Amino acid sequence: MTEEIIIAGFGGQGVLSMGKILAYSGVMQDQEVSWMPSYGPEMRGGTANVTVIVSDERISSPILNKYDTAIILNQQSMDKFENAVKPGGLLIYDPNGITRHPKRKDISIYSIAAADEAAKIGLSKVFNMMVLGGFLKLKPIVKMENIRKGLEKSLPSRHHKLIPENEKAIVIGQDLIQPVHVL
Amino acid sequence: MGELRLMKGNEAIAEAAIRAGCDGYFGYPITPQSEVMEYLMVERPYETTGMVVLQAESEVAAINMLYGGAGTGKMVLTSSSSPGVSLMQEGISYMAGAELPALIVNIVRGGPGLGTIQPSQADYFQAVKGGGHGDYHMIVYAPASVQEMADFVQIGFDVAFKYRTPVMILSDGAIGQMMEKVYLADPVPRLTEKEVIARCPWASNGRPMSRQHNIITSLDLDPAGQERLNLVLQEKYRKIEESEVMFETIDCEDADYILVAFGLSARICQKAMNLARQKGIKVGLFRPITLFPFPKKEIHELAKRVKGMLVVEMNAGQMIEDVQLAVGCDIPIKHYGRFGGIIPTPDEVVKALEETIIGG
């Protein structure tokens, strides 16, 4: 199993930390992982993205131009990454702020209204974990117990009290994700 | 197997240095390597192992602090990125001339000049061919993973002291910034003063009555003396060339074509190799791990069995000169590169292979 994922959105949406939790969870179940963030000019301009690879085998290139899954959280990232999904791959997006919706017919597309839901129930800080939950419902590449271990590893201990909230968000995200176009 | 962590390459360098018993880090912040010092400042090894962590006022100051620390036989480390490493070249040449062991990390970014802050491999010539003035070399390691970032810290210190020479880890912004699994070696304590004197009888660390002064210098106004020093250096470099070559080959046994690449480019080429093999093109990968000493013999032998080589670098063609020197003119050797902080994609590499070598 090798899953190549791009997560892209605005800085502050928790794109990099979502990737980090996913990567840590992969480590916890003894898989190979790589986490390659955008840094520098793109980040300073407000958009952020991270390439996460989780695999049973040694990972070759940590930098990719085609992905199994794209998780897209703003319009700029939609413009940049819709065409970077491999044929037969998966695109998940939050429709909040999206004006040009994805059009491809050769990939599966799901939407997750996590930003709206997170604001509604007052869990804006764990918006990213709702999105992660949606992804994991479709592709359960890491187990829930390993996500918990991943959270423990990636969050500083002063934030460990927030872990139950993060786990709750994952469950909410699993219910929230909706098919748009399924192969 | 050591302790398992998920770390950035830059953090792995810093943690590995603490664990290797490093005595001092001297540096000046610059993207994309600032996490080395940031990590050390958070970990505060000066409170545990006694390792000094000092932000110098400039890269020039940092490299001269390294000279001073190395002159006393201490294990010292600095890190910087391309423009900062350019500033250090005078100091590195002096250290080579004074035969001082030290570890210098260059997390390369796009150049020339201030360039970009994105990853590049355009400092190959600077690292491998001298960089500073005079006839000298550093031993240069090119890690391709976060694990190797950690591993080459200990290995780098070992060879630096074995040969009394500055050693460089030549990496790039991507490997510095990305996180991967890394198994960290168990910590070893810093050497005691007694152990330092035993390991470095040449060091200038306080003279007992039982011996003459140790003088650390690269200056000898007598040309005959300076030539003797140069002969000593050259003999050292020949020994290094005989004993310290490291490289990796992947799927070269049945290959018709070889991709030659170091560091991050080698990771991209490994993916390109898989894509090419899916198309039925038999491609192998040759990855020099030491850039000096360069694996000349191995690449020369490999060239006898294949139809062509594509050298892939994040520069305009630097290591290709060493590949051409090693192989000669018998088979086509072409270059594919992206510059200024752009990373080549696996698809581009396959296309370049098809267009310049197979169809060329």
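The values are calculated or read from the model by the stated rules, or taken from the named source; none is laboratory data. Just so we're clear, the structure is a prediction, and the values are computed from it rather than from any experiment. Neighbour counts are summed over all protein chains in view; Cβ atoms, including those assigned to glycine, are modelled from backbone coordinates with ideal geometry.
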Quick one: B:Gly317 ticks every box in (1) away from chain A (no Cβ under 14 Å); (2) under 19 Å from the mean Cα position of the chain (by Cα); (3) in a strand (DSSP E or B) bar one, so which box is it? (3)
Look through region B:28-62, keep the residues that are within 17 Å of the chain's Cα centre (by Cα) and not hydrophobic (A, V, I, L, M, F, W, C), and return whichever of them is surrounded by the fewest Cβ atoms within 10 Å (Cβ to Cβ). B:Pro32
Only one of B:Leu259, B:Leu264 that is buried (at least 17 other Cβ atoms within 10 Å of the Cβ) and part of a strand (DSSP E or B): B:Leu259
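Quick one: in region B:277-295, which of the residues that are closer than 26 Å to B:Asp123 by Cβ and without any contact (Cβ under 8 Å) to a residue 40 or more places away in the chain is surrounded by the most Cβ atoms within 10 Å (Cβ to Cβ)?
Within region B:277-295, the subset closer than 26 Å to B:Asp123 by Cβ is B:285-295.
After this cut, where a residue has to be without any contact (Cβ under 8 Å) to a residue 40 or more places away in the chain as well, the list is B:285-286.
On the way: B:Leu285: 23, B:Phe286: 26.
Result: B:Phe286.
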Among the residues of region A:43-87, which ones are among the acidic types (Asp, Glu) and either touching a Gly at 6+ places or on another chain (Cβ under 8 Å) or away from every other protein chain (no Cβ under 14 Å) (or both)? A:Asp68, A:Asp79, A:Glu82
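Considering only region B:12-53, state which residues are acidic (Asp, Glu) and within 12 Å of chain A (Cβ to nearest Cβ). First the steps, then the outcome.
Looking only at region B:12-53, we keep the residues that are acidic (Asp, Glu), and these are B:15, B:23, B:35, B:38, B:43, B:47.
Passing the criteria: only B:Glu35.
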Restricting the search to region B:272-293, which residues are within 13 Å of chain A (Cβ to nearest Cβ) and in a strand (DSSP E or B)? B:Val283, B:Leu285, B:Arg287
Among the residues of region B:231-256, which ones are closer than 18 Å to B:Met95 by Cα and surrounded by 14 or more Cβ atoms within 10 Å (Cβ to Cβ)? B:Leu233, B:Lys236, B:Tyr237, B:Ile240
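Name the single residue, out of those in region B:250-271 being free of Cβ contacts under 8 Å to residues at least 60 places away in the same chain and more than 13 Å from every other protein chain (Cβ to nearest Cβ), that is farthest from B:Glu354 (Cα to Cα).
Residues of region B:250-271 that are free of Cβ contacts under 8 Å to residues at least 60 places away in the same chain, as a first pass: B:250-256, B:258, B:261, B:270.
Restricting the remaining residues to those that are more than 13 Å from every other protein chain (Cβ to nearest Cβ) gives B:252-256, B:258.
On the way: B:Cys252: 18, B:Glu253: 20, B:Asp254: 18, B:Ala255: 15, B:Asp256: 12, B:Ile258: 12 Å.
The selected residue is B:Glu253.
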Qualifying positions in region B:308-326 - in contact with a strand residue (DSSP E or B) (Cβ under 6 Å, 6 or more places away or on another chain) and not polar (S, T, N, Q): B:Gly308, B:Met309, B:Leu310, B:Val311, B:Val312, B:Glu313, B:Ala316, B:Gly317, B:Met319, B:Ile320, B:Val323
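If we scan region B:114-125, do we find a residue that is under 19 Å from B:Ser218 (Cβ atoms), surrounded by 24 or more Cβ atoms within 10 Å (Cβ to Cβ) and more than 14 Å from chain A (Cβ to nearest Cβ)? Step through it out loud before you land on a result.
Residues of region B:114-125 that are under 19 Å from B:Ser218 (Cβ atoms), as a first pass: none.
Within region B:114-125, not a single residue is under 19 Å from B:Ser218 (Cβ atoms), surrounded by 24 or more Cβ atoms within 10 Å (Cβ to Cβ) and more than 14 Å from chain A (Cβ to nearest Cβ).
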Some residue of region B:138-151 being surrounded by 18 or more Cβ atoms within 10 Å (Cβ to Cβ), aromatic (Phe, Trp, Tyr) and under 20 Å from B:Gly9 (Cβ atoms): yes
Conditions (1) at the interface with chain B (Cβ under 10 Å from one of its Cβ atoms); (2) in contact with a strand residue (DSSP E or B) (Cβ under 9 Å, 6 or more places away or on another chain); (3) farther than 27 Å from B:Ala276 by Cβ -> A:Val33 fails only (3)
Hand me the list of strands (runs of 3 or more DSSP E) wholly inside region A:1-69 holding 2 or more residues that are closer than 21 Å to A:Ile98 by Cβ. A:2-10, A:47-55
For region A:99-112, check the following and say yes or no: at least one residue is surrounded by fewer than 17 Cβ atoms within 10 Å (Cβ to Cβ) and among the polar types (S, T, N, Q). yes
Conditions first: (1) touching a residue at least 40 places away in the same chain (Cβ under 8 Å); (2) away from chain B (no Cβ under 14 Å). A:Leu151 passes all but one, so which condition is the exception? (2)
Give the number of residues within region B:153-212 that are buried (at least 18 other Cβ atoms within 10 Å of the Cβ) and within 14 Å of chain A (Cβ to nearest Cβ). 13
When the residues of region A:74-102 are narrowed to those that are without any contact (Cβ under 8 Å) to a residue 40 or more places away in the chain and among the hydroxyl-bearing types (Ser, Thr, Tyr), which ends up farthest from A:Gly173 (Cα to Cα)? A:Thr99
Exactly one of these conditions fails for B:Met309: (1) part of a strand (DSSP E or B); (2) within 14 Å of chain A (Cβ to nearest Cβ). Give me its number. (2)
Given (1) closer than 25 Å to B:Pro201 by Cα; (2) buried (at least 24 other Cβ atoms within 10 Å of the Cβ), number of the condition B:Ser81 does not satisfy: (1)
Consider A:Gly12 against the criteria (1) surrounded by fewer than 22 Cβ atoms within 10 Å (Cβ to Cβ); (2) within 14 Å of chain B (Cβ to nearest Cβ): it satisfies all of them except one. Which criterion is unmet? (2)
For region B:13-23, check the following and say yes or no: at least one residue is more than 27 Å from B:Glu180 (Cβ to Cβ), under 22 Å from the mean Cα position of the chain (by Cα) and assigned by TED's automatic domain parsing to the domain that holds B:Ser86. yes
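Could you check region B:126-148 and list, in sequence order, the residues that are within 14 Å of chain A (Cβ to nearest Cβ) and acidic (Asp, Glu)? Give the derivation first.
Initially, region B:126-148 is screened for residues within 14 Å of chain A (Cβ to nearest Cβ), giving B:143-148.
If the condition is that a residue be within 14 Å of chain A (Cβ to nearest Cβ) and acidic (Asp, Glu), then B:Glu148 is the only one that fits.
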For region B:281-314 the number of residues that are of a type in the set (A, V, I, L, M, F, W, C) and under 17 Å from the mean Cα position of the chain (by Cα) is 5
Matching residues in region B:326-359 - criterion: being within 14 Å of another protein chain (Cβ to nearest Cβ), over 17 Å from B:Ile258 (Cβ atoms) and under 22 Å from the mean Cα position of the chain (by Cα): B:Arg338, B:Gly340, B:Gly341, B:Ile342, B:Ile343
